[in-house]
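Chemist: If you scroll down you'll find the structure; I have some questions about it.
The values are calculated or read from the model by the stated rules, or taken from the named source; none is laboratory data. It should be emphasised that the depicted structure is a prediction, and the values quoted were computed from it without experimental measurement. Neighbour counts run over all protein chains shown; Cβ positions are idealised from the backbone, glycine included. Just the protein is used for accessible areas: all its heavy atoms, side chains included, with ligands, DNA and RNA removed. Shrake-Rupley method; radii C 1.70, N 1.55, O 1.52, S 1.80 Å.
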Amino acid sequence: SSGINAEYGDGVKGMAEPIMILILAWGLGVAMNDIHTSQYIALALGDSMKVEYFPAIVCLIGYAMSYASGSALGTQGIIFPLVIPVIVHLTDDEEVYLKTIAAACSSSVFGNLCSPIADTTIAGVLFTGCPMLDHLKVMSTFCIPIGVLSLLLGDLMVGLNLYPFWASYLVALLIIVLVFTLFGRSPRRDSLARKLLALVRGSGMARFLSSSSFESSTEEEKTRLIQDNL
């Protein structure tokens with residue numbers, strides 16, 4: 001029975017955080033509704049901002065809040081009661097509603113992956129024994145470029161109706177494949193970009209070594225010139 005009680009206690013501890021987040025989110029939503037926060041923001045914005053930019057703005061807010069809180073669920077609990085009523089007051093376009101909600105959902109995951117106070121970050125460091133800085137460096141290397149691509153090619157371009165949402169997947173996929181082809185490398189071989197750079201440097205060094213100024217230099221001058229050009 002002691003084992004059952006221990007497991008039960010662990011389960012209660014695991015569910016306590018999301019339950020408290022939901023309760024606080026509901027309370028925040030009620031408070032914002034009572035003081036008419038969405039109406040105030042909509043009136044403050046007025047016609048100064050096009051609703052097409054709203055998904056991209058929501059995405060940026062979600063990035064910042066999720067990184068600061070380290071919780072995707074906590075970010076959604078804060079951002080949904082604030083953002084959804086505002087966009088409802090700004091426009092009647094249901095397509096903008098969907099884009100805004102999608103931006104809020106997707107951006108809230110950003111900090112959950114690369115925030116130093118995220119539960120996944122802490123658990124990953126504890127279970128693997130990896131240093132915190134190394135873990136954050138690896139995760140940020142993947143999360144930040146993908147986040148920028150999602151913001152620019154997804155929320156911004158799709159929000160401006162420059163192309164349909166499915167086209168953003170294709171464009172982002174092509175860019176990712178191109179970046180990994182040029183700059184990605186395995187531990188046993190250099191990337192294509194490094195090989196091209198080495199080839200350019202090699203041809204430049206060959207031309208330099210065959211120049212008349214190098215041939216007429218002394219041995220000490222040749223050594224110094226080679227070191228300067230490496």
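Chemist: Indicate the gyration tensor shape class of segment 66-194 (rounded, prolate or oblate), computed on the Cα atoms with a ≥ b ≥ c the square roots of the eigenvalues: a/c under 1.5 is rounded; otherwise a/b larger than b/c is prolate and the rest oblate.
Modeler: Since a/c reaches 1.5 but b/c is at least a/b, the shape of segment 66-194 is classed as oblate.
Chemist: How much accessible surface area, in Å² rounded to 10, belongs to the heavy atoms of CYS130 with a 1.4 Å probe?
Modeler: CYS130 exposes around 40 Å² with every protein chain in place.
Chemist: Continuing with the same structure: Determine ³J(HN,Hα), in whole Hz, for all residues of segment 174-182 in sequence, where each value follows from phi through the Karplus function 6.51 cos²θ - 1.76 cosθ + 1.60 and θ = phi - 60°; x replaces Gly and Pro.
Modeler: The phi angles translate into 4, 5, 4, 4, 5, 5, 5, 5, 7 Hz.
Chemist: Estimate the FRET efficiency between LEU60 and ALA6 by the formula 1/(1 + (r/R0)^6), using the beta-carbon distance for r and 30 Å for R0, to the nearest 0.05.
Modeler: E(calc), rounded to 0.05, equals 0.10.
Chemist: Something else now. Post the alpha-carbon centroid distance, segment 74-98 to segment 105-162, in whole angstrom.
Modeler: If you average the Cα positions of each part, the centres end up 23 Å apart.
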